[in-house]
Ligand SMILES: Nc1ncnc2c1ncn2[C@@H]1O[C@H](COP(=O)(O)OP(=O)(O)OP(=O)(O)O)[C@@H](O)[C@H]1O
Ligand SMILES: [Mg+2]
Ligand SMILES: [Zn+2]
């Protein structure tokens with residue numbers, strides 16, 4: 001049985017409603033509709049669907065996250081007048097992805113801005129798959145929305161083992177977005193330090209370098225790390241793994 005679509009009580013289905021001074025403006029039902037289609041187009045993974053700025057805790061035991069949340073709210077407020085991106089850096093489970101998803105949800109709901117979410121590993125895998133003849137999507141078809149989306153979240157930057165191909169691909173993505181003046185929000189576990197061997201520290205063995213911990217420079221290359229500094233404001237997030245906090249709370 002077909003159910004008749006509900007007719008909006010505000011605009012009677014026209015999509016326009018009257019405002020002061022006998023002006024007409026877009027009705028809320030259309031704005032809501034736009035937000036819903038933008039949300040679908042943003043491709044936020046199911047596991048992060050619950051993430052919003054409003055449920056990101058930053059008080060009491062989470063007070064150390066207040067600065068990061070403030071940076072997120074300021075970003076949303078000032079976009080697009082200031083379209084500098086964000087680079088969220090922090091250890092595992094500190095809430096980087098939650099904050100990034102919260103930001104784009106707020107942008108698309110309150111400002112109607114098209115956004116796109118991509119996990120770095122997933123993106124590189126899709127590009128690599130496109131070289132396979134049996135896969136329908138071409139490399140450009142995978143990359144076009146990544147190049148063009150007004151705001152892109154690139155989650156877990158550096159999480160793929162660096163090879164020449166990985167470096168070339170990440171520079172193509174970041175440089176294209178930089179040249180087109182697009183906004184990119186990035187999360188990473190790797191500290192924002194220079195590549196360890198960029199100044200010829202080749203006497204360090206691989207194992208020694210690993211023991212000192214890899215840096216963002218090691219993972220994406222020093223040139224791209226420096227490019228990111230032009231594209232993004234750095235937000236450092238410190239604290240415990242939120243997932244463990246949740247788990248121990250549920251045992252209490
Ligand atoms: N401040 C917070 N308030 C409420 N929930 C939070 C907060 N921080 C993290 N979480 C929740 O904890 C879980 C882990 O957070 P999230 O995935 O954002 O961490 P992450 O820093 O991206 O970790 P990873 O480095 O593993 O990617 C998620 O379910 C998230 O919703
Ligand atoms: Mg994450
Ligand atoms: Zn309406």
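In deg cm²/dmol and to the nearest 500, what is the mean residue ellipticity at 222 nm of the chain if only DSSP H runs of at least 4 residues count, each as -39500 (n - 2.57), divided by the residue total?
Mean residue ellipticity, 222 nm, calculated: -13000 deg cm²/dmol.
Compared with the dominant Cα axis of the chain, that is its longest principal axis, helix 66-78 is turned about 50°. Summarising the overall dimensions of the chain from its C-alpha atoms, the Rg and Dmax are 21.2, 76 angstrom.
Against the main long axis of the alpha-carbon atoms of the chain, helix 120-129 sits at an angle near 90°. Computed extension length for residue 111-residue 14: 32.8 nm, one decimal, from 0.36 nm per residue of separation with the Cα-Cα distance subtracted.
Efficiency by 1/(1 + (r/R0)^6): what FRET value for residue 180 and residue 238, r their Cβ-Cβ distance, R0 = 25 Å, to the nearest 0.05? Could the numbers behind the result be given before it?
Values: r = 33 Å, r/R0 = 1.32.
Using R0 = 25 Å, I get an efficiency of 0.15.
Extending 7 Å from Cα along the Cβ direction at residue 74 and again at residue 245 yields two label points whose distance is 2.1 nm.
Bear in mind these aren't lab numbers, they're just calculated from the coordinates by the rules spelled out. Everything numeric here is computed off the predicted structure, so don't read it as measured data. Here Cβ is always computed from backbone atoms with ideal geometry, including for glycine, and neighbour counts include all displayed protein chains.
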